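Student: Have a look at this one.
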Amino acid sequence: MMCDKWSPHARYRLYTSRESYWLPFFDQSGAIETFEAEVSRRFHVKAAVCVPMARTGLLLVLKEMIRPGQTVIMSPLTIVDVVNAVLLAGGIPTFVDITRRSCSLDPELVERAIDRSTGAVLITHLHGQAAGATTLRLICANRGVPLIEDAAQAFGAIEHGKPVGTIGNAGIYSFGFYKHLTTWRGGMVVSNDTALVERIRGQVRWMPELSRSHLLFQTARGFAVDVATWPPFFHIVTHPIVRQNIYALDRHLDPEANATRLKAVPLDHLRRMRSSQAKIGIQQLDRLESDIQDRVARASRYHESLEACSELIMPMDRNDGSNIYTYFPIQVRDRGGLLRHARRQRRDFAAQHLRNCADLDLFSEFSRLCPEARAASQELVLLPTYPRYPVSEVQKNIDVIQEWLSKYKVKGWKTKKDARSNITSASITERASPDRPTTAIR
């Protein structure tokens, strides 16, 4: 395959519009309430409340649902601040392993882990894919345990006809900087338990409002990212620069690179949303469905071309709304080799930044053997699906991956079936020490 002389399109672009840049200058009375009501109406859920950030919303929900000292069953394949939220709420994280293809909690392991000390089960709808909330809700209901849905990456996904986030006892959405509905920062808690939402609303009401200067700084930062990833500028300026120091860029773009274990809630996490942010969210709701359709179309192209590649683990091919493909995740044994080859061929996609929190020294007292989460954290690659990403770029990514896999086979490396079936705890333990992360992340 000949190296393309043109720079690729960027691995991500912000989900912004003109309104994203001028609305922050104008607050509008009642916009917060309108945003909450509109999400409640569209998602057929009884109540919603805007929160400063998704992680703040999760903390508030946990404080309402668990007692100090109770355990929270959760996936280890998540951001550090989700574990921090459990700890700050007085809970004890109990890590349970995932299923590789969905990267979500294994229901059988969850059911086995529930005991008298369990305060809640927390699931994560990762990469836009529904995490089996319906099955887990039945398990939790039978055992008298609440189910909390972290739907930060899956706003708009549907499972068995219900939006994710509305299936459990409470759901949390994120409208952060890089999310597919962004208000620059912020989040929302939804629930059919109106009393729960009102208690959270009462706590949010007393928080200071996010300063206009902070919001305008975020807006300016967003504009800079938009310019840097605009295809003509990315081709002429951004990509040639970053190719000279790609590893430093990857560290800079890793949101978990500097995460720490928190002893208290950062004050920055306690700034309630401004009405102008809610207005941005309202404006973006109308394009949610079309954006999802665009991402699904790109994901279908990846599925059609890569499904036969036995060396890859990919999500199930879904067209029922249960996967909105915020990204298209693939898992490959030699992730570093694939990414190096892709860079040589002028492709711009990257490793998933999530670590296996059950392995981190940061949470060593909660360590638990989760071999599937460990393997996924070392193998996940995220392929672009965003609506402005050209289908021709999707095909170039596919060509580069297939080219690399052909070399992979020639070298006689083991296939997915050979390398990943019947993984024993002993074999995982033997290789755990050199692979275990040792630095704090965020």
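Student: Given the criterion touching a strand residue (DSSP E or B) at 6+ places or on another chain (Cβ under 7 Å) and basic (Lys, Arg), identify the matching residue among Arg355, Arg301, Arg368, Arg343.
Tutor: On the way: Arg355 fails: touching a strand residue (DSSP E or B) at 6+ places or on another chain (Cβ under 7 Å); Arg301 fails: touching a strand residue (DSSP E or B) at 6+ places or on another chain (Cβ under 7 Å); Arg343 fails: touching a strand residue (DSSP E or B) at 6+ places or on another chain (Cβ under 7 Å).
Result of the check over Arg355, Arg301, Arg368, Arg343: Arg368.
Student: Do we have His127 as in contact (Cβ under 8 Å) with a residue 12 or more places away in the chain and closer than 30 Å to Gln331 by Cβ here?
Tutor: The answer is yes for His127.
Student: In this structure, is Gly161 within 30 Å of Asp254 (Cβ to Cβ) and out of contact with any helix residue (DSSP H, G or I) (no Cβ under 7 Å at 6 or more places or on another chain)? Full working, then the answer.
Tutor: On the way: within 30 Å of Asp254 (Cβ to Cβ): no; out of contact with any helix residue (DSSP H, G or I) (no Cβ under 7 Å at 6 or more places or on another chain): yes.
No: the conditions fail for Gly161.
Student: Which count do you get for residues in segment 149-162 that are over 29 Å from Gln218 (Cα atoms) and either surrounded by 24 or more Cβ atoms within 10 Å (Cβ to Cβ) or within 20 Å of the chain's Cα centre (by Cα) (or both)?
Tutor: Going through segment 149-162, the residues over 29 Å from Gln218 (Cα atoms) turn out to be 158-162.
With either surrounded by 24 or more Cβ atoms within 10 Å (Cβ to Cβ) or within 20 Å of the chain's Cα centre (by Cα) (or both) added as a condition, the list becomes 158-159, 162.
Qualifying residue count, segment 149-162: 3.
Student: Related question: Which residues, taken from segment 16-55, are in contact with an Asp or Glu (Cβ under 8 Å, 6 or more places away or on another chain), of a type in the set (D, E, K, R) and surrounded by fewer than 23 Cβ atoms within 10 Å (Cβ to Cβ)? Give the steps one after another, and end with the answer.
Tutor: The first filter runs over segment 16-55 and keeps only residues in contact with an Asp or Glu (Cβ under 8 Å, 6 or more places away or on another chain), leaving 16, 46-50, 54-55.
Narrowing further to those that are of a type in the set (D, E, K, R): 46, 55.
Scanning segment 16-55 gives a single hit, Lys46.
Student: Can we say Gly168 is under 19 Å from Ser275 (Cβ atoms), touching a Lys or Arg at 6+ places or on another chain (Cβ under 9 Å) and either in a helix (DSSP H, G or I) or touching a residue at least 12 places away in the same chain (Cβ under 8 Å) (or both)? Working first, answer last.
Tutor: Numbers: under 19 Å from Ser275 (Cβ atoms): no; touching a Lys or Arg at 6+ places or on another chain (Cβ under 9 Å): yes; either in a helix (DSSP H, G or I) or touching a residue at least 12 places away in the same chain (Cβ under 8 Å) (or both): yes.
Against the criterion (under 19 Å from Ser275 (Cβ atoms), touching a Lys or Arg at 6+ places or on another chain (Cβ under 9 Å) and either in a helix (DSSP H, G or I) or touching a residue at least 12 places away in the same chain (Cβ under 8 Å) (or both)), Gly168 does not qualify.
Student: Looking for whichever is out of contact with any Cys (no Cβ under 6 Å at 6 or more places or on another chain), hydroxyl-bearing (Ser, Thr, Tyr) and either under 22 Å from Arg374 (Cβ atoms) or surrounded by fewer than 19 Cβ atoms within 10 Å (Cβ to Cβ) (or both) here; the options are Ser305, Ser322. Which one fits? Walk me through it before giving the result.
Tutor: Values: Ser322 fails: either under 22 Å from Arg374 (Cβ atoms) or surrounded by fewer than 19 Cβ atoms within 10 Å (Cβ to Cβ) (or both).
After applying the criteria, what remains is Ser305.
Student: For segment 134-148, what are the residues that are more than 18 Å from the chain's Cα centre (by Cα), within 21 Å of Thr78 (Cβ to Cβ) and either of a type outside the set (D, E, K, R) or crowded, with 22+ Cβ neighbours inside 10 Å (or both)?
Tutor: Thr134, Thr135, Leu136, Ile139, Cys140, Val145, Pro146, Leu147
Student: So, one more: Does Asp348 fit the bill of being among the acidic types (Asp, Glu), touching a residue at least 40 places away in the same chain (Cβ under 8 Å), touching a Pro at 6+ places or on another chain (Cβ under 6 Å) and farther than 25 Å from Ile73 by Cα?
Tutor: Yes.
Student: Let me ask something additional. Just give me the residues in segment 165-187 being touching a Gly at 6+ places or on another chain (Cβ under 7 Å) and within 16 Å of His44 (Cβ to Cβ), in sequence order.
Tutor: Answer for segment 165-187, where residues must be touching a Gly at 6+ places or on another chain (Cβ under 7 Å) and within 16 Å of His44 (Cβ to Cβ): Gly165, Gly171, Tyr173.
Student: Something else about it: Going through Ser7, Ser75 one at a time, which residue ends up being at pLDDT 95 or above, within 30 Å of Ala342 (Cβ to Cβ) and surrounded by 17 or more Cβ atoms within 10 Å (Cβ to Cβ)? Steps first, answer last, please.
Tutor: Details: Ser7 fails: at pLDDT 95 or above.
Matching residue, one of Ser7, Ser75: Ser75.
Student: Next up: Quick one: would you say Phe43 is of a type in the set (Phe, Trp, Tyr) and in contact with a strand residue (DSSP E or B) (Cβ under 6 Å, 6 or more places away or on another chain)?
Tutor: Numbers: of a type in the set (Phe, Trp, Tyr): yes; in contact with a strand residue (DSSP E or B) (Cβ under 6 Å, 6 or more places away or on another chain): yes.
In short, yes.
Student: What's the number of the condition Thr56 fails, among (1) at pLDDT 95 or above; (2) of a type in the set (S, T, N, Q); (3) more than 21 Å from Met207 (Cα to Cα)?
Tutor: (3)
Student: From the list Ser300, Ser310, Ser305, Ser276, exactly one residue is assigned to a loop (DSSP other than H, G, I, E, B), over 21 Å from Lys162 (Cβ atoms) and in contact (Cβ under 8 Å) with a residue 12 or more places away in the chain. Which is it? Reasoning before the result, please.
Tutor: Values: Ser300 fails: assigned to a loop (DSSP other than H, G, I, E, B); Ser305 fails: assigned to a loop (DSSP other than H, G, I, E, B); Ser276 fails: assigned to a loop (DSSP other than H, G, I, E, B).
Ser310 is the lone residue from the list that is assigned to a loop (DSSP other than H, G, I, E, B), over 21 Å from Lys162 (Cβ atoms) and in contact (Cβ under 8 Å) with a residue 12 or more places away in the chain.
Student: Here is a further query. Just checking, does segment 246-269 include any residue being hydroxyl-bearing (Ser, Thr, Tyr), modelled with pLDDT under 95 and in a helix (DSSP H, G or I)? First the steps, then the outcome.
Tutor: Of the residues in segment 246-269, the ones hydroxyl-bearing (Ser, Thr, Tyr) are 247, 260.
With the extra rule that they be modelled with pLDDT under 95, the set shrinks to 247, 260.
So of that shortlist, the ones also in a helix (DSSP H, G or I) come out as 247.
Yes, segment 246-269 contains a residue that is hydroxyl-bearing (Ser, Thr, Tyr), modelled with pLDDT under 95 and in a helix (DSSP H, G or I).
Student: Hey, among the residues in segment 326-345 that are among the basic types (Lys, Arg) and touching a residue at least 12 places away in the same chain (Cβ under 8 Å), which one's nearest to Arg261 (Cα to Cα)? Lay out the reasoning, then the answer.
Tutor: Filtering segment 326-345 down to residues among the basic types (Lys, Arg) leaves 333, 335, 340, 343-344.
Filter again for touching a residue at least 12 places away in the same chain (Cβ under 8 Å), leaving 333, 335, 343-344.
Numbers: Arg333: 30, Arg335: 28, Arg343: 34, Arg344: 37 Å.
So the residue we want is Arg335.
Student: For segment 224-245, which residues satisfy the criterion of being modelled with pLDDT of 80 or more and surrounded by 14 or more Cβ atoms within 10 Å (Cβ to Cβ)?
Tutor: Val225, Asp226, Ala228, Thr229, Trp230, Pro231, Phe233, Phe234, His235, Val237, Thr238, His239
Student: Which one is nearest to Leu270 (Cα to Cα) among residues in segment 195-208 that are surrounded by fewer than 14 Cβ atoms within 10 Å (Cβ to Cβ) and not basic (Lys, Arg)?
Tutor: Taking the candidates together, the pick is Pro208.
The values are calculated or read from the model by the stated rules, or taken from the named source; none is laboratory data. Since this is a predicted model, take the numbers as computed values, not measurements. Counting neighbours? That spans all protein chains shown, and the Cβs are built from the backbone with ideal geometry, glycine included.
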